[in-house]
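Here is the structure we will look at, set down as structure tokens.
The values are calculated or read from the model by the stated rules, or taken from the named source; none is laboratory data. Remember, it's a predicted structure, so these values are computed and weren't measured experimentally. All Cβ positions, glycine included, derive from the backbone under ideal geometry; neighbour counts span all protein chains shown. Remember, those area values only see protein heavy atoms, side chains included, never the ligands or the DNA or RNA. Shrake-Rupley method; radii C 1.70, N 1.55, O 1.52, S 1.80 Å.
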Amino acid sequence: IADTEGSVYHRVAGDLYVFDGDTVEVKFQDQSVTFISSWKGRLIINIDEEGLFLKSGDALEWIPGSEIYSDDPVYAAVNFDDFLMLASREKGLVLFDGDDFTPLIGEASDYLKDHNVYRGIRINDNEAAFATLNGGIVVVNRSGGLKQVIREVDGLPTDKIYNLYIDHEQNLWAATEFGIAKIMV
């Protein structure tokens, strides 16, 4: 779900549902939408076999260089204001500054590729956390450096994490295969 341009966007089974406050409309039904995110007041859409697009009104503007995501969809995008940290299962972590895609080479990126990255969230101005489907939670710095891996052996109920949330006290909550876990970060 993304909230931008005065509407709420929800990606469901390849379709994009748009709620403008009064009605719900289905957009881009002829294309397979694999991911959406909001950045700098605009919607970024990942369309299968094409790459990333910025939404402008009803038009889509293809982002040059985003063909790297045409067959490797984005699973998470963490907004660090001046850039997005994108995570996919084949490319790992990549920084997008609005113009260029810069791959982050290192342990965190490799871990996310090996453990099926699924979601991501910004923890604070300098850190992000990523949920994986078989490797727990990965905490990285804004440069993509590995800070911490939190797994079942560290106290999580499972290594299968479906979503992450930061509350007003900066606690990290994880939706896991076996319930909800609270992590002090």
Just give me the residues in the range 85-98 being touching a residue at least 40 places away in the same chain (Cβ under 8 Å) and aliphatic (A, V, I, L, M), in sequence order. Met85, Ala87, Leu93, Leu95
When both residues are 6+ apart or on different chains and their Cβ atoms are under 7 Å apart, which pairs have a first residue that lies in the range 99-126 and is in contact (Cβ under 8 Å) with a residue 40 or more places away in the chain and under 25 Å from Thr176 (Cα atoms), and a second that is of a type in the set (Phe, Trp, Tyr) and in a helix (DSSP H, G or I)? none
Contacts under 7 angstrom Cβ, first residue in the range 141-160 being touching a residue at least 12 places away in the same chain (Cβ under 8 Å), partner assigned to a strand (DSSP E or B) and open to solvent by 70 Å² or more (accessible area, probe 1.4 Å), 6 or more apart: Asn141/Lys147
Within the range 158-177, the count of residues that are in a strand (DSSP E or B) and more than 18 Å from the chain's Cα centre (by Cα) comes to 1
Looking at Asp125, Asp97, Asp114, can you tell me which residue is among the acidic types (Asp, Glu) and touching a Phe, Trp or Tyr at 6+ places or on another chain (Cβ under 6 Å)? Asp97
Would you confirm, using the coordinates I've provided, whether Asp3 is without any contact (Cβ under 8 Å) to a residue 60 or more places away in the chain, of a type in the set (D, E, K, R), in a strand (DSSP E or B) and open to solvent by 50 Å² or more (accessible area, probe 1.4 Å)? yes
Some residue of the range 7-25 being of a type in the set (Lys, Arg), part of a strand (DSSP E or B) and open to solvent by 70 Å² or more (accessible area, probe 1.4 Å): yes
Within the range 154-176, can you find the residues that are open to solvent by less than 80 Å² (accessible area, probe 1.4 Å), of a type outside the set (S, T, N, Q) and under 21 Å from Asp114 (Cβ atoms)? Leu156, Asp159, Lys160, Ile161, Leu164, Ala174
